[in-house]
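Have a look at the structure below, then the notes.
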Amino acid sequence: MLELEEFHSLINMLESDSLGDECLDFVELHGYLTATIISPVETEFDDLMCEILGAGNENLAKGIRDILEAEVSRLQQTISRELFASEPLTLPCEIEVGEDDDNPSDLERWCMAFVEKHLLAEAQWFAVDEGAVAELMLPIIAASGLFDEPEISQTRENETLFISMLEHIPEVVIDLYGLFHND
């Protein structure tokens, strides 16, 4: 589990100007790692780090990269333990959406990162049980704001339904995890 000092260290490293705009921030990292852990497709840690850091960070100083990798690995282990315990996932943000499409809330950014990772192996996710995956992904996809299909727009416009869906995201990720890792 990440200790408070390690948690702040990771946040500071991710928000460092030296990593650039392509690097995920902490909330996005949490969503991305959650989808990585849930995914039926394993991602090599080096590839995962490249995805997290984004373009332009290939030549990051070894010492900094080593510390960052250790902190990311700890966070990944923490999320894995939570998912394995089948308890609702503790999100690193409030369950709310922003009023402005140009300034997404932390939850929307968490969902965007989750969906971006999901899309990298979308066919494999849907191959397990397309109907169940589509149903479980709906709250996350709707909250991400990445899609403008009429049914998703209607869901976002129905405030009561949409808020109810958002409140279930911590349980939805547990159900997704169980769908792929029910050994």
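For region 132-183, filtering for residues that are among the aliphatic types (A, V, I, L, M) and in contact with a Cys (Cβ under 7 Å, 6 or more places away or on another chain) leaves 2.
Listed conditions (1) surrounded by 13 or more Cβ atoms within 10 Å (Cβ to Cβ); (2) under 26 Å from E22 (Cβ atoms); (3) without any contact (Cβ under 8 Å) to a residue 60 or more places away in the chain are all met by D100, apart from (1).
Taking T43, is it closer than 29 Å to S164 by Cβ and polar (S, T, N, Q)? Here the answer is no, as T43 does not meet what is asked. Under 8 Å between Cβ atoms, which residue pairs at least 6 apart in sequence (or on different chains) link something in region 21-34 that is modelled with pLDDT under 95 and part of a loop (DSSP other than H, G, I, E, B) with a partner that is surrounded by fewer than 21 Cβ atoms within 10 Å (Cβ to Cβ) and small (G, A, S)? Cβ pairs passing all conditions: D21/G54; E22/G54; E22/A55; E22/G56; C23/G54; L24/G54.
Of the residues S73, S86, S105, which single one is on the phi > 0 side of the Ramachandran plot and not basic (K, R)?
Going through S73, S86, S105 in turn, just one is on the phi > 0 side of the Ramachandran plot and not basic (K, R): S86.
Has region 82-89 got any residue that is in contact (Cβ under 8 Å) with a residue 24 or more places away in the chain, closer than 30 Å to T155 by Cα, in a loop (DSSP other than H, G, I, E, B) and under 14 Å from the mean Cα position of the chain (by Cα)? Yes.
Taken over region 128-154, the criterion of being over 15 Å from the mean Cα position of the chain (by Cα) and of a type in the set (G, A, S) is satisfied by G131, A132, A134, S153. Only a single criterion out of (1) surrounded by fewer than 16 Cβ atoms within 10 Å (Cβ to Cβ); (2) closer than 22 Å to C23 by Cα is not satisfied by K117, namely (1). For region 147-162, residues that are loosely packed, with under 13 Cβ neighbours inside 10 Å and either of a type in the set (V, I, T) or closer than 16 Å to T34 by Cα (or both) total 1. Restricting attention to region 35-56, the residues that are in a helix (DSSP H, G or I), over 18 Å from I174 (Cβ atoms) and of a type outside the set (V, I, T) total 8. When G98, G178 are screened for being out of contact with any Leu (no Cβ under 8 Å at 6 or more places or on another chain) and at pLDDT 90 or above, only G178 passes.
Is it the case that some residue within region 91-111 is in a helix (DSSP H, G or I) and over 21 Å from I52 (Cβ atoms)?
Looking for residues that are in a helix (DSSP H, G or I) and over 21 Å from I52 (Cβ atoms), one finds none in region 91-111, hence no.
If you check A143, A132 for being in contact (Cβ under 8 Å) with a residue 40 or more places away in the chain, assigned to a helix (DSSP H, G or I), touching a helix residue (DSSP H, G or I) at 6+ places or on another chain (Cβ under 9 Å) and exposed (fewer than 15 other Cβ atoms within 10 Å of the Cβ), only one passes: A132.
The values are calculated or read from the model by the stated rules, or taken from the named source; none is laboratory data. Note that this is a predicted model, so its numbers are computed, not measured. Counting neighbours? That spans all protein chains shown, and the Cβs are built from the backbone with ideal geometry, glycine included.
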